Structure formats: structure tokens, C-alpha cells
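One structure is given below, encoded as C-alpha cells.
The values are calculated or read from the model by the stated rules, or taken from the named source; none is laboratory data. Note that the coordinates shown come from a computational prediction; the quantities given were computed from them, not determined experimentally. Glycine also receives a Cβ, built like all others from the backbone with ideal geometry; neighbour counts cover every protein chain displayed. Surface areas here come from the heavy atoms of the whole protein model, side chains and all, with no ligands, DNA or RNA. Shrake-Rupley method; radii C 1.70, N 1.55, O 1.52, S 1.80 Å.
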Amino acid sequence: MKNLFRASLIVVAAAGLMSCDGVNGGGSQISMTPDENKARLEEVGQKVIAKFKPEVQENLIKAVNDFQIYANDGNLEVYDKYAPAEFAAQFASVVKSTVEGANLGGIMALAAPDSHLYEAARIYGIYTYNGSSWSRTESTDKIEFRFTTEEGKSVVVTAQASEGGAELTIEGETIVIPQQVTAAVTIEGRTEFSANVRTSCNFGSTVTVDIAIDANGYVVKENVTVNPNSGSCSASFGIDGETIVAMNGTFTGNNLTNPDNIYDNSMTIGGSANAQVTIMNEVQVKGSCSNLSSLLSELDVLRDKYDYSSEACATEEAAIYNKYLSVGMTYVPATNMVANLRMAPYLSWHGSNYNPETGIYEDVDYYYVEPLIVFTSDSSIYSMEAYFNEENFGGLIESFENLYKIYAGYVGAVVE
């Protein structure tokens, strides 16, 4: 839930993780002051919050929370030859990412080459929890976890993989990526979560991954298509047929589908990246990275000489980000940016440290970089913290906190 809230409230910051084109020309134009933006963003944020129905997900959240506890504390790791504990942890994380706030980045973990879901066939077996530990019996067609929740409800978590698939060697270990994996969570015989991951792996040519998830009407769809020198990704989160968040992006690189280079950034990073995030079909964040390879290369050089007590180093770091990244926010259907994101140095801490060589305390400053919001209507500049504060967004923050407490109350702890 926290991730979607931050995406809806701090929409400018959301683009920091996905680089997109900052300024577009032509089409419908819009001009809004910082105060008008505050009102508009709060309106959209309240709409997002109103779409969530935590009571629909109560049983699923409680079941997955118990599953995580049992997997951690029930000696499931004793079957480490089959890695069921890692499978359980990742699967539970994906379920929680779905029902607690459309964390599309967390769900995208299912598309990674080392996704534990791909190993379902290797760890087939039926694992039953007796209240203190897990026991395993053989199965030739599925991995299944059976347990009873603290409230006495019977739960079955299951996954099945298609036969065969593409082989991929990661750090000396060969795994098989099946063409299809299905997974589900049933509670008292009712399916409350289902996932379908389909892959087509022609290494050296084209690799595609399609993910479809349904958790009681919370629907996530994702697609990743990668060619040797370019790729694209798209994702959406919807509730009861209405799209809440949609994302799409493109990127370029080198040897992107060569298994030998998948984990070698120097071999795979490359050119440009573009992405766009749309919230409630109203707020849109766009951005681009003009040259990812150059960006990372310059940051590496800077880090070799970085001094956090030097404002000049922070200024240089901010300049590198601003050189290659462009991020902006607008409202559908306008095409011009109402705000842009810029990185700038800031004084993070001022104090004194004891110097044993001189025997005295010396003043010390520590500098970091932070994103600043620059509104195009009047060129006014705000820090993220200053703009998105309790005074400006108190009503929205309170509404979010109330919804957040409902989710947290289902497991008796703070929702991750």
C-alpha cells in the first residue's frame, strides 16, 4: 500500500526509478501553480485510496502473513536441496506486493532470470505444516504447501510448471525456465490468488515474459520483451476492471539476451531508456535517460574520489544525474510538463567529530544529493520533503494512514 500511495502522492519522485522524457511539445497545454498542483494531486490521491477494498483481501493477507512466519520458523529450510524456503519467501512477497499497493517493481521479480518460480518443477513435493515444522511427501506434478492459519482456516499454496523449457546457467548452476508456471492460493477451498507466468526464451534472439495475476479483483498484468540490443516493458494494476496505475518503458543495451552477459553490467548496459507512469489516467510522470552507460561510468569515476564532507563532490554528482536524466510530470491529456525534477546538493548533517591527532573537536559537514521539484508556471523550486508535507497534504496523508492501519490490523503488525 505504501508504494502506490507514494506513487499517487509523490508522483514526481516515482519517475526517479524509471527514466523518461521531461518535456514534450505540441498538443494540449496546461499551466498550474504549485498550489493548484497540490489540490489536483490530493484529489487524485483520494481517488486512488477510495478504490482499495481492504476487507476483500483480509483472508489472503492473514494467510500469506502466517505462511511467511511458518516458512521462516518451521524448519522449511531443512529441504535446502530443493530450495522450498526461498520459493515460499518470494511467492509470499509477490502476493503481498499485489494486495498491499501495486508494487509493480516487486511483482516484476517473477520475470527475473533467477526467479524461484521457475524452479517449481525442481522442488516438486507436498509440504505440510503441523504447527511447528514441515514434512515433505513426493509429488511428480506440483509443489504444494498445506497449512492451517492461526484462525483455523485451511490454506493450500500450489504451483505447477510445464514440462521442458529453456536452460540457463547462472553462476555455474543450470536451471530450466519453463514456458509456463501457474500458482494459486486457496483458502477453505476458494481461490483467492492466482498467477500465470508465460515465457519464451530464445537466448541470443528474443526473450519474452508475460505475467497475469488476480487477487480477488486486484489484477496485475506485465510484459517484458527483450531483444539483443533493445527491450520494452509494460505493467498495469487495476481493481475490479479499472486501471489504477499503468507503466510502460523502452531501453537499449548490448547482448541483452546473451545468458553469459545477463549478470555482467559492463556487457549489457548501453544506450537510452524511456518510461511513462500514469495514475488513474490523470497524472503522468515521464522521463528519459539519454545514455545509461555513460551515466554509470561517470558515477563510478566520481565514487573513487568521493568525499561526503565536500560540497563540490555532491554538486558534481547532481550534475551527472541532471546531464543524463530528465523527469517531468503532467496531467492527461496535456503534453507539456507542469513540473520537472532536478537533482541538487544539500547539507545533510552539520556537527563536530573528535580528531585524535589534534585532540580537539572539528566542525564537519556531510553533503548528499536530493531531488527538487521545479514548477514550470513560475520556476519555483521545492524540496520533496518541503512540498509533500503534512500541511500541504494533511487530508490525503490522514486518509492513507487510516487505510494503512486497516491492512496492518489484519496481521497485527506494520505492513511491509
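Structural remarks
- Boolean, residue 172 is free of Cβ contacts under 8 Å to residues at least 12 places away in the same chain and not β-branched (Val, Ile, Thr): yes
- Test: residue 198 is surrounded by fewer than 19 Cβ atoms within 10 Å (Cβ to Cβ), among the charged types (D, E, K, R), in contact with an Asp or Glu (Cβ under 9 Å, 6 or more places away or on another chain) and under 19 Å from residue 142 (Cβ atoms): yes
- For the range 116-160, taking the residues that are open to solvent by 20 Å² or more (accessible area, probe 1.4 Å) and hydrophobic (A, V, I, L, M, F, W, C), the one that is farthest from the chain's Cα centre (by Cα) is identified as 126.
Table: residues versus (1) under 24 Å from residue 244 (Cβ atoms); (2) in contact with a Leu (Cβ under 9 Å, 6 or more places away or on another chain); (3) open to solvent by less than 30 Å² (accessible area, probe 1.4 Å); (4) of a type in the set (A, V, I, L, M).
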| site | (1), (2), (3), (4) |
| --- | --- |
| 272 | no, yes, no, no |
| 276 | yes, no, no, no |
| 283 | yes, yes, yes, yes |
| 292 | no, no, no, yes |
| 302 | no, no, yes, yes |
| 312 | no, no, no, yes |
| 318 | no, no, yes, yes |
| 328 | yes, yes, yes, no |
| 332 | yes, no, no, yes |
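- Residue 32, sole failed condition from (1) assigned to a helix (DSSP H, G or I); (2) modelled with pLDDT of 85 or more: (1)
- The strands (runs of 3 or more DSSP E) located wholly in the range 105-175 that include 2 or more residues which are closer than 30 Å to residue 256 by Cα occupy 154-161, 166-170.
- Scope the range 161-181; condition under 30 Å from residue 59 (Cβ atoms) and open to solvent by less than 50 Å² (accessible area, probe 1.4 Å); matching residues: 161, 162, 178, 181
- Long-range neighbours under 6 Å by Cβ, at least six apart or interchain, first residue within 17 Å of residue 180 (Cβ to Cβ) and of a type outside the set (Val, Ile, Thr) within the range 135-146, second part of a strand (DSSP E or B) and open to solvent by 60 Å² or more (accessible area, probe 1.4 Å): 142/160
- None of 237, 203, 251 is within 30 Å of residue 291 (Cα to Cα), part of a loop (DSSP other than H, G, I, E, B) and either in contact with an Asp or Glu (Cβ under 6 Å, 6 or more places away or on another chain) or of a type outside the set (Gly, Ala, Ser) (or both) except 203.
- Flag if residue 55 is modelled with pLDDT of 85 or more and open to solvent by 50 Å² or more (accessible area, probe 1.4 Å): yes
- The residues of the range 356-369 that are under 16 Å from residue 311 (Cα atoms) and open to solvent by less than 50 Å² (accessible area, probe 1.4 Å), listed by number, are 364, 365, 367, 369.
- Test: residue in the range 211-218 that is under 22 Å from residue 92 (Cβ atoms), surrounded by fewer than 17 Cβ atoms within 10 Å (Cβ to Cβ) and not aliphatic (A, V, I, L, M): yes
- Filter result (without any contact (Cβ under 8 Å) to a residue 40 or more places away in the chain, part of a strand (DSSP E or B) and either open to solvent by 20 Å² or more (accessible area, probe 1.4 Å) or farther than 15 Å from residue 253 by Cα (or both)) within the range 219-232: 219, 221, 223, 225, 226, 227, 230, 232
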